[in-house]
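The block underneath contains the structure these notes are about, expressed in structure tokens.
The values are calculated or read from the model by the stated rules, or taken from the named source; none is laboratory data. This one's a predicted model, so the numbers in the text were calculated from it and none came from an experiment. Because the Cβ atoms are built from the backbone with ideal geometry, glycine has one as well, and the counts that use them run over all protein chains shown.
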Amino acid sequence: MTLPTQMHAVELIGHGGLEQLVYRPDRALPTLGHDQVLIQVSACGVNNTDINTRIGWYSKSVTAATDSAGDALENPDDATWSGTSLTFPRIQGADVCGRVVAVGKDVDSRRIGQRVLARTMMADPNGVPNLCWTMGSECDGGFAQFTAVRSSEVYAVNSEWSDAELASIPCAYSTAENMLERAGLGAERVLITGASGGVGSAAVQLAKRRGATVTAVAAASKHDDLLALGADAVLDRAAGYGTLAASSFDLVVDVVGGNDWPRLLDCLRVAGRYITAGAIAGPVVELDLRTLYLKDLTLMGATFQPPAVFENLIGYIERNEIKPLVAKTYPLADIHQAQTDFMAKAFTGKLVLIPPKVDLNV
């Protein structure tokens, strides 16, 4: 096997618009650490976190929705998952599917040749509990032909799915599975906002797998897609949450936030639970504390993921207990168009980038 010295990659060179994403055919291959594997990337999905990181939306100086926050960043010092500044240039891409083509000196060489998925939300390399270490933010990700990842965060997968289908899973499905696991969802009534997106559509499938009765919120044009995924009922996003009956759900799974947020608590039963892992419609919401304490509600956030979450997903894939939902694929060089389409939200499921194939003489 002959590895090249350079690769094609997309570098994020600063916070801002799409002009900050620069396609390069001459990026040096990653230096392989003693505990890492080198993955030849076959496909990498596009996620909200790519846009959020690019525009600096994670900074507390930004209070607008994702689609209107591009010029709002005032303080880049806290604009990452871990609450620190981003190191540039950074290769983004949280959904890595590929094959192991080289290993560090402390990694079993039998890993070479494995088809793998890399865990998006990884353990902190310094062992700090619950610290976010996110691919494409705290370390380089998969918008490239190759990426180096700690072997402990890379999972072999035995599946007949395509590379693009596998790449639709890591970020969105682990986020959704983590929320459902943390909330302890069983055969209950659950409301899922943003249900046509990557996380939302994953949550619909994963909630049905747990025996839940699912009501999905999305644009009317996407209702048939969600019913096909298993949703029991759909709600038109344009109508807001005003049509929801009070105390009608055991759990709300939310990735939207925004001005309509208070109504989500109204629709929870007494002692109901709310969990969030996103706020694309706006991160600052109004909370009436009387609703919280008089209904004995539990509010939860979900970011850090224990390893069992990703292990669950690998099992679901290999047993075909879930199905991927790829809306469209793009060459890696078309990342600007892919992110433009992503922000338009006119699709259901995931958009996936495909790097140029490299012949390694295997």
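The table below lists the values:
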{"read-out": "Number of positions in region 117-138 that are surrounded by fewer than 21 Cβ atoms within 10 Å (Cβ to Cβ), among the aliphatic types (A, V, I, L, M) and under 13 Å from ARG150 (Cβ atoms)", "value": "1"}
{"read-out": "Options THR84, THR80, THR63, THR49; residue that is surrounded by fewer than 20 Cβ atoms within 10 Å (Cβ to Cβ) and in contact with a helix residue (DSSP H, G or I) (Cβ under 8 Å, 6 or more places away or on another chain)", "value": "THR84"}
{"read-out": "Region 280-334, residues that are among the aromatic types (Phe, Trp, Tyr) and within 27 Å of VAL10 (Cα to Cα)", "value": "PHE304, PHE310, TYR330"}
{"read-out": "Residue count, region 31-46 (criterion: of a type outside the set (Asp, Glu), in a loop (DSSP other than H, G, I, E, B) and either over 29 Å from MET343 (Cβ atoms) or at pLDDT below 95 (or both))", "value": "4"}
{"read-out": "Candidate set: region 344-359, residues that are among the aliphatic types (A, V, I, L, M) and surrounded by 14 or more Cβ atoms within 10 Å (Cβ to Cβ); chosen: the one nearest to LYS222 (Cα to Cα)", "value": "LEU351"}
{"read-out": "In region 251-271, the residues that are surrounded by 21 or more Cβ atoms within 10 Å (Cβ to Cβ) and in a strand (DSSP E or B)", "value": "LEU251, VAL252, VAL253, ASP254, LEU268"}
{"read-out": "Residue match in region 236-249 (condition: at pLDDT 95 or above and under 30 Å from ALA308 (Cβ atoms))", "value": "yes"}
{"read-out": "Test result for VAL199, in contact with a strand residue (DSSP E or B) (Cβ under 8 Å, 6 or more places away or on another chain) and either modelled with pLDDT under 95 or buried (at least 24 other Cβ atoms within 10 Å of the Cβ) (or both)", "value": "no"}
{"read-out": "Count - residues of region 1-30 that are of a type in the set (Gly, Ala, Ser) and in a strand (DSSP E or B)", "value": "2"}
{"read-out": "Qualifying residue in region 26-46 (condition: hydroxyl-bearing (Ser, Thr, Tyr) and surrounded by 19 or more Cβ atoms within 10 Å (Cβ to Cβ))", "value": "yes"}
{"read-out": "Pair list, Cβ under 8 Å, 6 or more apart: region 186-212 residue on the phi > 0 side of the Ramachandran plot, other residue buried (at least 24 other Cβ atoms within 10 Å of the Cβ) and part of a helix (DSSP H, G or I)", "value": "GLY194/GLY200"}
